[in-house]
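Please read the structure below before turning to the comments.
The values are calculated or read from the model by the stated rules, or taken from the named source; none is laboratory data. Source: prediction; values computed, not measured.
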Amino acid sequence: MDQKRVAKQLRRYRDVLARQLAERRLDELETAVLHERERRGLQPVTTDTGKVIAWVHTRPQTPGGR
């Protein structure tokens with residue numbers, strides 16, 4: 001193999017690894033956001049297709065304010 005071919009393969013491999021790492025990090029962040037929303041008592045409002053359009057509080061507020 002010549003050097004250009006090897007360099008191209010290494011770049012492609014590095015790009016694939018970077019993409020996989022970014023996808024894994026994004027999944028972790030989405031999971032963390034979901035847990036935080038659940039912890040705060042938020043529930044999704046969805047369309048008929050299942051797309052989330054808003055988040056609303058489901059816990060009743062305590063009398064006398066927050």
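Criterion first (at pLDDT below 95 and not basic (Lys, Arg)) does ASP27 satisfy it?
no
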Checklist (1) at pLDDT 90 or above; (2) part of a loop (DSSP other than H, G, I, E, B) applied to PRO63, failing item
(1)
